[in-house]
Structure formats: C-alpha cells, structure tokens
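We did not get these values from a lab; they are worked out from the coordinates using the rules stated. Worth saying up front: this structure is predicted, and the values here are computed from it rather than measured. A quick note on method: Cβ atoms are made from the backbone with ideal geometry, for glycine too, and the neighbour counts reach across all protein chains shown.
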Amino acid sequence: MTLILNIETATSACSVALAKDGIVIAGEETNDGLVHAEKTTGFIEKLVKNTSISLSSLDAIAIGTGPGSYTGLRIGTATAKGLCYALDKPLIAIPTLKAMALGAMQKLKRTDVLYCPMIDARRLEVYTALFDSTGKEILPVHARILDTASFAEYGTIAFFGDGMPKMKELFANDTNKVWLDDIYASALNMCQTAEEMFQTKSFSNVAYYEPFYLKDFVAGKKTL
C-alpha cells in the first residue's frame, strides 16, 4: 500500500489530496484567491485528523511544479520540502499542466480531441501546452498571448483551466472547440501520476528542487 500526499498551489486555487495506491481517499481545496500561506498546512492537518493517517505513514510527498503564481509555487514548495526533510520522505514533482490534462481526459473520455490546459497569466496571456488523448505532449509548455489565430492549425481541442475564459471570449461560437468549466489545477488530478512515478522511483532531489516558474518574477511598484 502506498500513501502519498499531493499538494497543488500553482494558481489561485489551493488544494491537497491524500491518495492510497493512486486513489483519492481525502482532499481539501479552495479557490478564494492567494490564501495558500494560511490554508495549505491547515488543509494537511485536517486530512490527517479526518483520516487518522499520520504524516509518518506517508510514503512520499507530491508537489505541482507549475507554471503559475510565483507566490503560490513558493509556498507549496516550502511546505513540500519541509515535510520531506522532517519525515525523510521522497519528493515527486508533477507538471501542473499535464496533471490538468489528465484530469480532463478522465472526465471527457474522448480520443478524437486534443487537450489544452490554460493557466491565467496577465492580460490575454496564458501558460499552456497541448496533449493528445494518451497524454503525449504535442506542444511544450509555453507562455502565449491569445488571439483569433491561436491553435488554428489544429483540429478539435478541449480547453480548460482558469485561463480558458480568455480563449472562450475569442471563440464563443466556435463549434470546433470544447469548453470544460470544471477542470483546473488541483491536487486531486495528481494522484494517479504520483503513484506511477513512485513505483518507478522518479523522485526529485529535495535539496535542489525548484518549481517551474516559466517566466522570471517581476515585482510591481509599491504604491503609497
């Protein structure tokens, strides 16, 4: 039996999930904005209390690697690393966009479409990638400014994530596109992949692990 704690803080949503052999047994999440610092550890404590499973019983900690919010990623990383060090457990790093795509595949169950997760960035920009129905990466993770020519060279695509509404505004009447409103960055979508990576011992070095920011952090000017 494998017990893995999954943590996802790459976007405005914050979530944790406890999985046994890749199956979710408990989860907590919120999408109340960047409240990760106050919610992440509280969610973990709640899972431990509700399941009566001690942290020392865990086999590994899985973290969503991003891209996404700089602050959110830092908080999730610090939490995951702290647990790995304290409990002497391995760290599993799971790309956020790929986990979203796998969640969409499980929900839609269509093999005739491509899957396009989108994480909201600034203005008309999103962090995105493109996957086929087997999870193979068709387009690598990148930052893209959306316009009416975006993804025109591809066939039917399912779009989802908190950046998806930007795309939908541009193509609201396009019947060649599928819109999934309830797929977003979530620890619940990480569990199966985390189990597979655990079985193949695909671990990250805890000391040197850094989240995938994609773009350098730029601080805004402080207003008086």
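Descriptive notes on the structure:
- Applied to segment 54-65, the Karplus parametrisation 6.51 cos²θ - 1.76 cosθ + 1.60 on θ = phi - 60° returns per-residue 3J(HN,Hα) values of 6, 4, 5, 7, 5, 9, 6, 10, 10, 10, x, 7 Hz, with x for Gly and Pro.
- When the alpha carbon coordinates of segment 97-180 are projected onto the principal axes, the ranges are 30, 24, 21 Å, largest first.
- Fully extending the segment from Thr111 to Ser54, taken as 0.36 nm per residue of separation minus the present Cα-Cα distance, adds 16.5 nm.
- Cubic angstrom per residue, convex hull over Cα atoms of segment 1-132: 112 Å³
- Per-residue ³J(HN,Hα) for segment 149-162, Karplus 6.51 cos²θ - 1.76 cosθ + 1.60, θ = phi - 60°, Hz, x for Gly and Pro: 9, 4, 6, 5, 7, 10, x, 6, 10, 9, 10, 6, x, 6
- Per-residue packing, averaged as other Cβ atoms within 10 Å, sorts the ranges 164-171, 88-95, 8-15 into the order 8-15, 88-95, 164-171, beginning with the highest.
- Close amide H partners of Ala62, meaning residues 5 or more places away or on another chain with modelled amide H under 5 Å apart, are Leu5, Asn6, Ile7, Ile92.
- Over 30 Å between alpha carbons, listed pairs Lys46/Lys177; Lys81/Lys215; Lys136/Lys166; Lys109/Lys201: Lys46/Lys177
- Calculated FRET value between Thr41 and Ala143, using beta carbons and R₀ = 30 Å, to 0.05: 0.50
- Rg [Å, one decimal], Dmax [Å, integer] - the chain, C-alpha atoms: 17.4, 55
- For segment 175-188, backbone phi angles converted through the Karplus equation (6.51, -1.76, 1.60; θ = phi - 60°) give residue-by-residue couplings of 7, 8, 10, 10, 10, 10, 7, 10, 10, 8, 5, 8, 4, 5 Hz, Gly and Pro being listed as x.
- Under 5 Å between amide hydrogens, built in the peptide plane, is the criterion, and for Ile25 it picks out Leu18, Ala19, Lys20 among residues at least 5 positions away or on other chains.
- Cβ-to-Cβ counts within 10 Å put Arg123, Arg144 in ascending order as Arg123, Arg144, the fewest first.
- Cβ crowding within 10 Å averaged over residues, with 75-86, 31-42, 48-59 ranked highest first: 75-86, 31-42, 48-59
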